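Some notes on the structure that comes next.
What follows draws every value from the coordinates through simple rules; no lab data is involved. Since the structure is predicted, the reported quantities are computational estimates derived from the model, not experimental observations. Heads up, the Cβs are rebuilt from the backbone with ideal geometry, glycines too, and the neighbour counts pull from every protein chain shown.
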Amino acid sequence: YPDQRDYHPVDSACWETKTPIPYLALARTFQAVESNSSRLRIQSILCNYLRSVLALSSPQELICSVYLTLNRLGPAWRGEELGVGEGVLIRALVQATGRSQKAIKDELYKVGDIGLVAESSRCTQRMMFKPSALTVEAVFSKLQEIARFTGCSSQQKKVEKISALLVACRDTETRYLIRGLSGKLRIRLQEQTVLTSLAHAVCLHEMERSGKCAKGEELKEKMDTAVQTLKSVYCELPDYERVIPALLEQGLEALPKFCCLTPGIPLKPMLAQPTKGLSEIFKRVDQAAISCEYKYDGERAQIHVIAPGKVRIFSRNQEDMTDKFPDVIDRLPRHLGNNVASCVLDSEVVARDTEKNQKLPFQVLTTRKRKGVSLEEIKVQVCVYAFDLLYLNGESLVHESFRRRSKIMRNSFKPVDGEFVFSEQKITSCTEDIQAFFEGSLKDQCEGLMIKTLDHNATYEISKRSFNWLKLKKDYLDGTGDTLDLVVVGAYQGTGKRTGNYGGFLLACYDPDSEEYQVICKTGTGFSDAQLEAQYNILKQHVIPIPKPYYSLGTCPAPDVWFDSNYVWEVKAADFSLSPIYPAAAGLADRERGISLRFPRFIRVREDKTPEDATTSEQIAHMYRSQQSVSGIITSTTGED
Ligand code: ATP
């Protein structure tokens, strides 16, 4: 805590005290992280860096350091994106190094990692003055400038800015700057590790400042409490620009008093675990009574009333969707009870046929424009199904039981049929009741039920896939299993009727530990002709010459084209099988073989999920293990569809 042997930027003399943090100190920290595989050592290396920042620099430099480490420009809801493709990076490299585009592309083809290509290319651009060394703050602010360029000459402006940064790079800085710009730092640092290291660093810093240094068990206890406090505060207020200054001014212990759930700042939603049937529900939820609710087939919407008349709506991914739902915003004041000044509601927005008074499937909702929707041009009407209340009038409710949250919600809002209603709910412990309610949900065009604990273990678990919420879908009971959300990484050219479009696709799951996309199957079924053509037109813009170095391919059949990992598709399969050729979840269910899908079928594009939200290898292994056919002897197939 932390390990003395680990890289320390100040000791390594690349950073003199009382000067702004050189970017080199952060780049060398990344290098040390990249060359270590132990989670504890990685935490310790980052902790050493952050302690130096705490001791020597400003809160702003700490915020920049954290964002650069997470490779982000700000919180998700601000939607800032660099918008830098491989082409722009290659042009900037040509400009800064004088190498030909062909030479760079050839090397990239061999090496696969544009960061390493940049590092091996010496800058030859002549400058009147030697550029000064890059600092963490300067690099972060240049990245923000790059993100802000829009319009017709924006690509050229980005090339100029990146090239100027490249010329100023020293040593290993180039590798991480270019990787960051390309969207993947590839140092296997997840946000949870960054939060742990930050909590450790602040805890040690506070002890050093107060002269009260703990050791052994006492130190461990303090560090663990620090991690718990910071992680739970960050869950409620996922905004480093608010949490870090408060952390430095108020200290760790007082932090929860100053940083709590705030309307206007979206939370990561609580998610549910799939279940196979009613018997599993009763095994899992050992309660006198549970809340069963209809599971609506729409889009998750977190509705924030910041103040009267000031409303924002956020997606499952904390994207700001306020512009997509002007009708919901317009009607909302009619649904707020007289006592509601501010609130955060969790809900599902569902498309509806107003003439037949019926719900419409999710696919219909996706035809609504995402931005700049005006009230007059709305064709797809929607109804909000509110199912949880996380905040009301200055008070966070996430630590309250679901029974209380649900009661407060149902007493504080005024439902209007077809516009804003509460989720259909039945509180019971009787199997027959649940069965009947489940059948009722299907008749009412829902996907099945959500089963929620009411009193014990019934708080709102932000950002967790929790067993306190179980989902029971018709498909699970049919024995066809849950759907998977997979990343499209390649395609095979179509033949026959599909000539001119892609005929089949290579799909991958995500492994957050290795930050890899592991291919799991190919699929060519489930598409209409129109969908195939639409997908061809979208995906052809994302073709890359060689697979990304973070694609794990096993020995699967190489596709005709590779794609950048930008799209997530929902896929349904008949079964899981062990596979000697697909590497997904290898080592988790079987020591060597991976897992593949039998008869995978395309269901829909998941626009609400990023590639990092795709089904993980751990979830795949779990699904494989729990499939009924794997009770005794494991039947292995190649996993070919
Ligand atoms: P799925 O594909 O099943 O929607 P998911 O990964 O998007 O999966 P899950 O946690 O697995 O999310 O399923 C819960 C989702 O169901 C919620 O994200 C929400 O959008 C939706 N939902 C519909 N009705 C309810 C309800 N009554 N309570 C909670 N969530 C609901």
May I ask you to sort GLU447, GLU439 by Cβ crowding, counting other Cβ atoms within 10 Å and putting the fewest first?
GLU439, GLU447
In whole Å, what are the Cα extents of region 28-82 along the three principal axes, biggest one first?
33, 26, 16
What size of dipole, in debye to the nearest 20, comes out for region 210-272 about its Cα centre when the only charges are +1 on Lys and Arg C-beta atoms and -1 on Asp and Glu C-beta atoms?
40 debye
At the level of C-alpha centres, the distance separating region 444-521 and region 92-171, in angstrom, is 38 Å
At 4 °C in a medium of viscosity 1.567 mPa s, the chain has a Stokes-Einstein diffusion coefficient, with Rh taken as the Kirkwood radius over alpha carbon pairs, in µm² per second, of 48 µm²/s
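Taking region 360-411, which trypsin sites (Lys or Arg not before Pro) meet the DSSP loop condition and have no more than 13 other C-beta atoms within 10 Å? Each step should come with its number before you reach the end.
On the way: sites: ARG368, LYS369, ARG370, LYS371, LYS379, ARG403, ARG404, ARG405, LYS407, ARG410; in loops: ARG368, LYS369, ARG370, LYS371, LYS379.
Passing both the DSSP loop test and the Cβ count: LYS369, ARG370, LYS371, LYS379.
Loop-only GluC sites (Glu not before Pro) in region 288-366, please: DSSP not H, G, I, E or B, and at most 12 other Cβ atoms within 10 Å.
Working: sites: GLU293, GLU299, GLU319, GLU348, GLU355; in loops: GLU319, GLU355.
Passing sites in region 288-366 are GLU355.
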Would you mind checking the radius of gyration and Dmax of region 41-181 based on alpha-carbon positions, in Å?
15.8, 46
At 0.36 nm per residue, minus the direct Cα-Cα distance, what do PHE599 and ARG170 gain on full extension? Give it in nm, one decimal, please.
149.3 nm
Electrostatic dipole magnitude of the chain [Cβ: Lys, Arg +1; Asp, Glu -1; Cα centre; debye, to 20]
1040 debye
Computed over the chain: relative contact order in percent, which uses C-alpha pairs under 8 Å that are six or more apart:
11 percent
ALA254/LEU40 FRET efficiency (R0 25 Å; Cβ-Cβ; nearest 0.05):
0.30
Amide H neighbours of LYS295 under 5 Å, at least 5 residues apart or on other chains, H built in the peptide plane: list them.
GLU447, GLY448, LEU449, MET450
Table column - 3J(HN,Hα) (Hz), region 270-276, Karplus curve with 6.51, -1.76, 1.60, x for Gly and Pro:
6, 10, 10, 9, x, 10, 8
Which whole-angstrom value gives the distance between the alpha carbon centres of region 306-366 and region 173-244?
35 Å
Skipping prolines and chain starts, which residues have an amide H placed within reach, meaning under 5 Å, of the one on ILE603, given they are 5 or more residues away or on another chain?
GLU570, VAL571, LYS572
Hey, got the dipole for region 546-625? About the Cα centre, +1 on K and R Cβ, -1 on D and E Cβ, debye to the nearest 20?
260 debye
For a quick size check, give me the Cα extents of region 329-380 along its three principal axes, largest first, whole Å.
35, 26, 20
Which stretch or stretches of region 221-248 have amide N atoms under 20 Å from the point lying 7 Å from ALA214's Cα along the Cα→Cβ direction?
221-234, 247-248
Provide the FRET efficiency to the nearest 0.05 for the SER141-GLU432 pair, computing r from the beta carbons and using R0 = 56 Å.
0.35
Taking the Cα centre of the chain as the origin and placing charges on Cβ (Lys, Arg +1; Asp, Glu -1), which of VAL305, LEU397, GLN190 is farthest toward the positive end of the dipole?
GLN190
What fraction of the DSSP beta bridges in the chain is antiparallel, stated in percent and rounded to the nearest 5?
85 percent
Give me the orientation-averaged projected area of the Cα convex hull of region 224-289, in nm², one decimal.
7.0 nm²
Taking the highest mean first, how do the peptides 252-261, 155-164 order by number of other beta carbon atoms within 10 angstrom per residue?
155-164, 252-261
For region 250-322, what are the per-bin percents of Cα-Cα distances with bins 10 Å wide, up to the bin holding the maximum?
14, 29, 28, 23, 5
Which listed residue (VAL167, GLN43, SER342) has the Cα farthest towards the positive end of the charge dipole for the chain, taking +1 on Lys and Arg C-beta and -1 on Asp and Glu C-beta about the Cα centre?
VAL167
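Computed over the Cα atoms of region 465-542, what is the convex hull's projected area averaged over all directions, in nm²? Could the numbers behind the result be given before it?
Working: hull surface 29.8 nm².
The orientation-averaged projected area of the Cα hull of region 465-542 comes to 7.5 nm².
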